[in-house]
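The structure appears below as C-alpha cells.
The values are calculated or read from the model by the stated rules, or taken from the named source; none is laboratory data. The model shown is predicted, which means the values in this text are computed figures rather than measured ones. Don't worry about glycine lacking a Cβ; one is built from the backbone with ideal geometry, like all the others, and counts go over all protein chains shown.
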Amino acid sequence: MKIIDTQVRDAVAARRNFKGGNTTVTQSPAGCAEVRLHGNLIAAIEYPRPIEERTARGSLTISDSGWPTRTTSARLTAILRAFNLGGTNISKGVLYWGDRPTSEEIVIELGEPS
C-alpha cells in the first residue's frame, strides 16, 4: 500500500479531513464523509452512530465512478481496510462483489447496534 493509501485509510478510520495529491477525504458534522479522487466521488460514508440515535447503523457506498483504474482500486481498498471489510475485492481496476465483477455502486452496512 502506498503512503497516500495509508493516509486515506487513517483519515477515514479517525474521521478526519485529508487532502493529498489527487485525493480528498471530507468529513461533515453530521457524521458522514466523502472520499474523492480527481474530484470524482468514489466513497460515501455514513458512520455508525450510538443506538440511542435514530440511525444506529452506518453505511459505506463505493464506486469506481466510471474510472476502473489501479489508483481507484488502491483508494477503495484502503477505505475497505479502514473498516476491516472482507468479501469485496478490487483487482486491477475491477470491482468485485463476492466473485462477480460489477460496475455499479456497492453499499455495505456498517456497525451493529449493541
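For the reader, a short list of remarks on this structure follows.
- Identity of the residue in the stretch 39-49, assigned to a strand (DSSP E or B) and not hydrophobic (A, V, I, L, M, F, W, C), that ends up modelled with the highest pLDDT: 40
- Of residues in the stretch 1-38 being assigned to a loop (DSSP other than H, G, I, E, B) and touching a Gly at 6+ places or on another chain (Cβ under 9 Å), the one modelled with the lowest pLDDT: 31
- Listing of strands (runs of 3 or more DSSP E) fully contained in the stretch 50-108 that carry 1 or more residues being more than 21 Å from residue 37 (Cα to Cα) and at pLDDT 75 or above: 58-62
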